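Asks: Right, I'll just put the structure down here and ask away after.
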Amino acid sequence: MKKSLLLAFLFSCFSTMAQEVMPPLLPWSGSSETLIVGSDNPWVTPGELSGLTESPTYDVTTEWVKKLADSSPYLTLKSIGKSEQGRDIWMLIASKSKNFDSEFLAKEDKALLFFHGGIHAGEIDGKDAGMMLFRDIAHGNKSGLLDEANILFIPILNVDGHERRSAYGRVNQRGPAEMGWRTNARNLNLNRDYTKIETAGIDAVIDVINAYDPDLYVDVHVTDGADYQYDVTYGYVKTGGYSPSISKFLFEDFQPEVDQALSKAGHIPGPLLFAANGDDFTEGNVAFSFSPRFSHTYGDVRHMPSILIENHSLKPFRQRVLGTYVFLEQAIKSISKQYQTIRKAVANDQNQQEKSLPVKFAFRDTPADTMDFKAIASHKEKSEITGADYVVWDAKAISQKVPSLLMDVPVQSVEIPKAYWISSEWSDLIEKLQKHGVEMEIISSPQEKELEYSKVTDYKMGNQPYEGMMRVQNFETEKISRSQTFLPGSVRISTDQDLKELLVVLLEEESVDSFFQWGFFNTIFSRTEYMETYIMEPMMKQMMEKNPELKQKLEEAKAADPELANSPRRIYSWFYEQTPYIDQNWKVIPVGREW
């Protein structure tokens, strides 16, 4: 047998094997199944033609949505950017006004929903659900949704990952038959990129957010992990975030209506679920404090109502797509009905008068409460191969009381200055801040300013790249005051603006998503000028003669650091650092604070 034929045979065996080893399914049916149109419908989607077991390629999807947009005066299709491999990232826009201009839609007194599928391209439910929903708006019985809302829809965000498709994309996911890849063509995860903006996809998304100012942002995913009864799980920053009024709206007004719609359609909605022990939920469900590198927490820090959908990977593709459709339809209805409440909540959060901002959270000492968890029974078996215990799911629906473990206790906060200053040589980071929508003053003539800076006194780098970056870890800093001349092109960034919280999170080094921790300032750790011992030896003697207190300072440094006491080279360096010859920019984070 030829090698190519052998590989094809083995791959087909693995495809069958993956389905055979999946946990058994509970039977499901729901009224949402009536949303599927017959093959004789002229606007049947490619996914529906397969009974929602397959999802179309990028080219087939693009051809279909272009045809749909051309068929209705209420729709238009727009490229919002190109991927790393040169593919267009398409966005469908639906508006009853027939005016698709971003400035008009942002200012129109009407709710606006923005959602996308395929940020992780193997998790593609949002694409097929959105195609069905837009079809029904244009040619079915859902045109009334546009009476009170405009809609933005990106069918495939990670278009390059989408085309790295095969039957072997996600071993723990029930369909579609072929799935795309999690990361983009450069192996970057788009849903870790919202603060650093290193991918074409997130660059495009943030442009959309700034241009259209959506009232609700929905990012559609599919889970990894344990088995349970819920098929549509979703969440938002409920506690421990930066937009308390928005969180209150989502909890009190939005979630009850969406849950009711899903339940009525035969689905089982639930919260975001992360097993505390990594296997099952006997030890609790963890509500993490996600950092703003993620979609829904980025929305929270910039005061935009945001939802993360995580459909259950072990439920069939058909069931997941239908649940997503129901969610999106009700989301449009809810934000239309509650539009004024949403706008008030956003304004309240934008106008908070905080003096300080939490940048790190920890778990509560005790569980917040318990939830009635719709579980799937399981048991442990011992592996004959590894000797370890592993979970086996039993296809029996049970109810459990499960602790809710909340990570919402602030453990580190930073004071908010009047303004930040960044010098013109850091133009790439200035451009990132502008991309985020941060307002700033660009100076046109030199200005001398006395500002506060943070100087790194100790640090360790990550031992391997994360999302293509060498992150800074386990660091300590001290505050120093220094004068600096800012040249034209430098910026002063007032914290008196709507995106104040996002600005602080990006510029204060203690924040896990700061430019500093991401590694954008790593060049400050390199020394480029050094001393010679034959110069330092006589200079040290002169320094101690002129400043007797220096000897005592050295002894204190030795006592605090025994390695210093035993290293002549480090002692020379210690003295060098006491002189004005040392690089004054060395280990100084180049973000000035104006108080």
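The values are calculated or read from the model by the stated rules, or taken from the named source; none is laboratory data. The shown structure was predicted, so the numbers you read here are calculated from the model rather than taken from an experiment. As a convention, Cβ positions derive from the backbone with ideal geometry for all residues, glycine included, and neighbour counts pool all protein chains shown. Protein only, heavy atoms only, side chains kept; ligands, DNA and RNA dropped before computing areas. Shrake-Rupley method; radii C 1.70, N 1.55, O 1.52, S 1.80 Å.
Asks: Residue under question is Lys96, and the condition is that it be of a type in the set (Lys, Arg) and either surrounded by fewer than 14 Cβ atoms within 10 Å (Cβ to Cβ) or in a strand (DSSP E or B) (or both); does it hold?
Replies: No: the conditions fail for Lys96.
Asks: Among (1) over 17 Å from Met469 (Cα atoms); (2) open to solvent by less than 10 Å² (accessible area, probe 1.4 Å), where does Tyr534 come up short?
Replies: Result: Tyr534 fails condition (2) only.
Asks: May I pose another question? Could you list, ordered by first residue, the pairs with Cβ atoms under 7 Å in which the first is in the range 410-425 and among the charged types (D, E, K, R) and the second is at pLDDT 95 or above and open to solvent by 20 Å² or more (accessible area, probe 1.4 Å), at least 6 apart or interchain?
Replies: Pairs found: Glu415/Lys355; Glu415/Ser356; Lys418/Glu594; Lys418/Trp595.
Asks: Only one of Thr485, Thr457, Thr477 is at pLDDT 95 or above, open to solvent by less than 80 Å² (accessible area, probe 1.4 Å) and over 28 Å from the mean Cα position of the chain (by Cα); which?
Replies: Only one candidate passes the filter, namely Thr485.
Asks: Could you figure out which of (1) hydrophobic (A, V, I, L, M, F, W, C); (2) open to solvent by 80 Å² or more (accessible area, probe 1.4 Å); (3) over 24 Å from the mean Cα position of the chain (by Cα) isn't true of Phe363?
Replies: With respect to (1) hydrophobic (A, V, I, L, M, F, W, C); (2) open to solvent by 80 Å² or more (accessible area, probe 1.4 Å); (3) over 24 Å from the mean Cα position of the chain (by Cα), Phe363 is out only on (3).
Asks: Check Thr61 against each of (1) free of Cβ contacts under 8 Å to residues at least 12 places away in the same chain; (2) farther than 18 Å from Leu145 by Cα and name the one condition it does not meet.
Replies: It is condition (1) that Thr61 fails.
Asks: Identify, from the list Ile342, Ile442, the residue that is open to solvent by 50 Å² or more (accessible area, probe 1.4 Å), at pLDDT 95 or above, more than 30 Å from Ala226 (Cα to Cα) and hydrophobic (A, V, I, L, M, F, W, C).
Replies: Step by step, each of Ile342, Ile442 is checked, and only Ile442 is open to solvent by 50 Å² or more (accessible area, probe 1.4 Å), at pLDDT 95 or above, more than 30 Å from Ala226 (Cα to Cα) and hydrophobic (A, V, I, L, M, F, W, C).
Asks: State which residue is surrounded by the most Cβ atoms within 10 Å (Cβ to Cβ) when the search covers only the range 493-517 and only residues that are assigned to a loop (DSSP other than H, G, I, E, B) and aliphatic (A, V, I, L, M).
Replies: Here the residue is Leu499.
Asks: Which pairs do you get when a residue that is on the phi > 0 side of the Ramachandran plot, found in the range 500-520, comes within reach of a residue that is at pLDDT 95 or above and of a type outside the set (Lys, Arg), reach meaning Cβ atoms under 7 angstrom, with the pair 6+ apart or on two chains?
Replies: As it stands, the answer is Gly519/Met469; Gly519/Met470; Gly519/Val472, since those pairs meet every condition given.
Asks: Quick one: Pro305 ticks every box in (1) farther than 21 Å from Ser243 by Cβ; (2) open to solvent by less than 10 Å² (accessible area, probe 1.4 Å); (3) touching a helix residue (DSSP H, G or I) at 6+ places or on another chain (Cβ under 6 Å) except a single one, so which number is it?
Replies: With respect to (1) farther than 21 Å from Ser243 by Cβ; (2) open to solvent by less than 10 Å² (accessible area, probe 1.4 Å); (3) touching a helix residue (DSSP H, G or I) at 6+ places or on another chain (Cβ under 6 Å), Pro305 is out only on (1).
Asks: Within the range 310-329, can one find any residue that is small (Gly, Ala, Ser), within 13 Å of Leu216 (Cα to Cα) and in contact (Cβ under 8 Å) with a residue 40 or more places away in the chain?
Replies: No, there is no match, as no residue in the range 310-329 is small (Gly, Ala, Ser), within 13 Å of Leu216 (Cα to Cα) and in contact (Cβ under 8 Å) with a residue 40 or more places away in the chain.
Asks: Regarding the range 130-142, can at least one residue be identified that is closer than 24 Å to Pro305 by Cβ, out of contact with any Phe, Trp or Tyr (no Cβ under 7 Å at 6 or more places or on another chain), open to solvent by 30 Å² or more (accessible area, probe 1.4 Å) and not in a helix (DSSP H, G or I)?
Replies: No - not one qualifying residue is present in the range 130-142.
Asks: Would you be able to say whether some residue in the range 103-121 is assigned to a helix (DSSP H, G or I), touching a residue at least 24 places away in the same chain (Cβ under 8 Å) and in contact with a Lys or Arg (Cβ under 6 Å, 6 or more places away or on another chain)?
Replies: no
Asks: Mind checking which strands (runs of 3 or more DSSP E) fall wholly inside the range 207-294 and carry at least 3 residues that are open to solvent by 40 Å² or more (accessible area, probe 1.4 Å), more than 29 Å from Asp193 (Cβ to Cβ) and at pLDDT 95 or above?
Replies: No strands (runs of 3 or more DSSP E) qualify here.
Asks: So which residues in the range 382-439 are modelled with pLDDT under 95, of a type in the set (A, V, I, L, M, F, W, C), open to solvent by less than 50 Å² (accessible area, probe 1.4 Å) and within 24 Å of Ser289 (Cβ to Cβ), if there are any at all?
Replies: Val402, Leu405, Leu406, Met407
Asks: Only one of Ala347, Ala368 is more than 15 Å from Asp215 (Cα to Cα) and open to solvent by 10 Å² or more (accessible area, probe 1.4 Å); which?
Replies: Ala368
Asks: Select the helices (runs of 4 or more DSSP H) contained entirely in the range 549-595, then report the ones holding at least 2 residues which are surrounded by 17 or more Cβ atoms within 10 Å (Cβ to Cβ) and of a type in the set (Ser, Thr, Tyr).
Replies: 568-577
Asks: Checking Leu322 against (1) surrounded by fewer than 21 Cβ atoms within 10 Å (Cβ to Cβ); (2) over 24 Å from the mean Cα position of the chain (by Cα); (3) modelled with pLDDT of 95 or more; (4) not charged (D, E, K, R), which single condition isn't satisfied?
Replies: (1) is the only condition that Leu322 fails.
Asks: Looking for whichever is of a type in the set (Gly, Ala, Ser), part of a strand (DSSP E or B) and either in contact with a helix residue (DSSP H, G or I) (Cβ under 8 Å, 6 or more places away or on another chain) or at pLDDT below 95 (or both) here; the options are Gly81, Gly47, Gly51. Which one fits?
Replies: Of Gly81, Gly47, Gly51, the one residue that is of a type in the set (Gly, Ala, Ser), part of a strand (DSSP E or B) and either in contact with a helix residue (DSSP H, G or I) (Cβ under 8 Å, 6 or more places away or on another chain) or at pLDDT below 95 (or both) is Gly81.
Asks: What is the number of the single condition among (1) of a type in the set (Val, Ile, Thr); (2) open to solvent by 10 Å² or more (accessible area, probe 1.4 Å); (3) assigned to a helix (DSSP H, G or I) that Val171 does not meet?
Replies: With respect to (1) of a type in the set (Val, Ile, Thr); (2) open to solvent by 10 Å² or more (accessible area, probe 1.4 Å); (3) assigned to a helix (DSSP H, G or I), Val171 is out only on (3).
Asks: It is to be established whether one or more residues within the range 330-337 are touching a residue at least 24 places away in the same chain (Cβ under 8 Å), outside any helix (DSSP H, G or I) and of a type outside the set (Asp, Glu).
Replies: no
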